[in-house]
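Report on the structure given below.
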Amino acid sequence: EVFIQDAPPCGEWVSFGKVKTTNEGDFGDQYGIIDDGGRVFFPLELKDERSVGRHPVRMLVHGDHSMASFDLLVLEPGTDAVVFDIDATLTTSDLQLILEVLSDVFFGNFVPDMYEGAPAVVHAWADKGYLVVYLTGRPDMLREASDSWLQDHGFPPGPLHLTETNLQVLPTSDGTGTYKTEFLYGLEGAGGVYLTAAYGNASTDIQAYENAGVAKDRTFIIGSNAGDAGTTVLTGYPEHLPWVQEQPDATNPAPAAY
């Protein structure tokens with residue numbers, strides 16, 4: 001059963017109806033998500049469309065009363081956004097991801113190290129009204145851990161997108177590079193978001209940001225690939241913060257957090 005909250009954070013929770021999980025192929029390919037069965041797709045009718053803003057959603061499983069919780073984000077066309085990779089961009093290395101996967105499988109207690117000053121830079125963009133998007137090649141088994149890591153380290157809220165298939169996880173042009181490119185195309189399509197700046201570390205990040213049309217002087221790369229293909233070297237977040245603070249406020253700001 002799908003519930004959406006009116007007037008968050010204290011408004012009434014309204015039921016929009018019930019739906020069953022899918023059989024494989026019922027919904028085909030929706031926004032790059034392949035219906036491989038056991039998923040829930042819930043199209044809103046025209047009369048139920050939400051206004052521009054952040055709308056809390058709860059999807060309640062009637063069998064055991066477990067829930068999936070998230071925000072439905074409705075944006076004005078052309079909303080200004082900044083995209084961040086996570087591993088070896090906000091965390092200090094890709095090795096942190098490998099250790100996190102192993103920990104999730106066996107113990108579930110590993111916390112990746114973070115680059116000093118990274119939250120302050122992300123907050124500086126968010127405080128100016130930019131939509132912060134976290135785009136990672138992590139497998140979706142790490143969604144909960146990734147959400148928790150971002151929150152526990154003080155990063156501002158924003159859409160978090162993880163991979164759907166094993167191919168997308170591969171750190172190759174055809175793998176993560178294509179996955180990130182297609183996601184950014186989806187964000188920009190039909191008058192969607194405008195990507196003001198992008199942060200990454202890998203050649204696949206450079207590939208995706210170039211394909212999405214992000215200017216090279218606003219494509220900030222940290223680590224061994226910094227400066228490749230005309231990108232801008234990010235030596236560290238504390239050194240970079242004053243530049244972000246000097247940037248203008250978003251022309252088309254994202255909805256404020258409730």
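The values are calculated or read from the model by the stated rules, or taken from the named source; none is laboratory data. The model shown is predicted, which means the values in this text are computed figures rather than measured ones. FYI the Cβ positions are ideal-geometry reconstructions off the backbone, even for glycines, and counts take in every protein chain you see. Note: accessible area is taken over every heavy atom of the protein model, side chains too, but ligands, DNA and RNA are not part of it. Shrake-Rupley method; radii C 1.70, N 1.55, O 1.52, S 1.80 Å.
Amide H contacts for residue 170 (H built 1.01 Å from N in the peptide plane; partners 5 or more residues away or on another chain; cut-off under 5 Å): 176.
Take the Cα gyration tensor of the chain, multiply each eigenvalue by 5, square-root it, and list the three semi-axes largest first, rounded to whole angstrom. List each step's numbers first, then the result.
Values: eigenvalues 179, 99, 69 Å².
Each semi-axis is the square root of five times an eigenvalue, giving 30, 22, 19 Å.
Pairs of lysine residues in the chain that meet both criteria, 8 or more places apart or on different chains and Cα atoms under 30 Å apart, total 6.
Charging the Cβ of each Asp and Glu at -1 and of each Lys and Arg at +1, and nothing else, the dipole of segment 133-249 about its Cα centre rounds to 100 debye. Between 208, 245, 15, whose Cα lies farthest towards the positive end of the dipole of the chain when Lys and Arg beta carbons carry +1 and Asp and Glu beta carbons carry -1, centred on the Cα centre? Positive-end residue among those listed: 15. For segment 196-242, the square roots a ≥ b ≥ c of the C-alpha gyration tensor eigenvalues yield an a/c of 1.5 or more together with a/b not exceeding b/c, which makes the shape oblate.
Taking a ≥ b ≥ c as the square roots of the eigenvalues of the alpha-carbon gyration tensor, segment 116-191 is classed oblate because a/c is 1.5 or more while a/b is no larger than b/c.
Across the accessible surface of the chain, with the other protein chains kept in place and a 1.4 Å probe, carbon and sulfur atoms take up 54 percent.
Using +1 on the beta carbon of Lys and Arg, -1 on that of Asp and Glu, and nothing else charged, what's the dipole of the chain about the Cα centre, debye to 20? Present the calculation step by step, with values, prior to reporting the outcome.
Details: 13 positive and 38 negative charges, 62 e Å.
Approximately 300 debye in magnitude.
The amide H of residue 39, built 1.01 Å from its N in the peptide plane, has 22 as neighbours under 5 Å, considering only residues 5 or more places off or on other chains.
Just check segment 15-69 against the gyration tensor rule for me: Cα atoms, a ≥ b ≥ c as the square roots of the eigenvalues, rounded for a/c under 1.5, and otherwise prolate or oblate depending on whether a/b exceeds b/c. It is oblate, given that a/c is not under 1.5 and a/b is not larger than b/c. Per-peptide packing, taken as the mean over residues of other Cβ atoms within 10 Å, places 156-166, 83-93, 126-136 in the sequence 83-93, 126-136, 156-166 from highest down.
Contour minus end-to-end for residue 51 and residue 18, with contour as 0.36 nm per residue of separation and end-to-end as the Cα-Cα distance?
Working: separation 33, 0.36 × 33 = 11.88 nm, distance 2.19 nm.
The residue 51-residue 18 span can extend by a further 9.7 nm.
Just want the answer: with Cβ charges of +1 for Lys and Arg and -1 for Asp and Glu, which residue in 114, 146, 257 is farthest toward the dipole's positive end in the chain? Farthest along the dipole direction, towards plus: 257.
Give, rounded to the nearest 20 debye, the magnitude of the charge dipole that segment 191-258 has about its Cα centre when Lys and Arg contribute +1 at Cβ and Asp and Glu contribute -1 at Cβ.
Working: 2 positive and 7 negative charges, 21 e Å.
Roughly 100 debye for segment 191-258.
Relative contact order of the chain, please, whole-number percent, based on alpha carbon pairs below 8 angstrom and at least 6 residues apart. Reported as a whole number, the value is 20 percent.
A dipole drawn for the chain from +1 and -1 charges on Cβ atoms has a positive end, and of 66, 56, 37 the residue lying farthest that way is 56.
From the largest down, segment 170-258 spans 36, 35, 24 angstrom on the principal axes of its Cα atoms.
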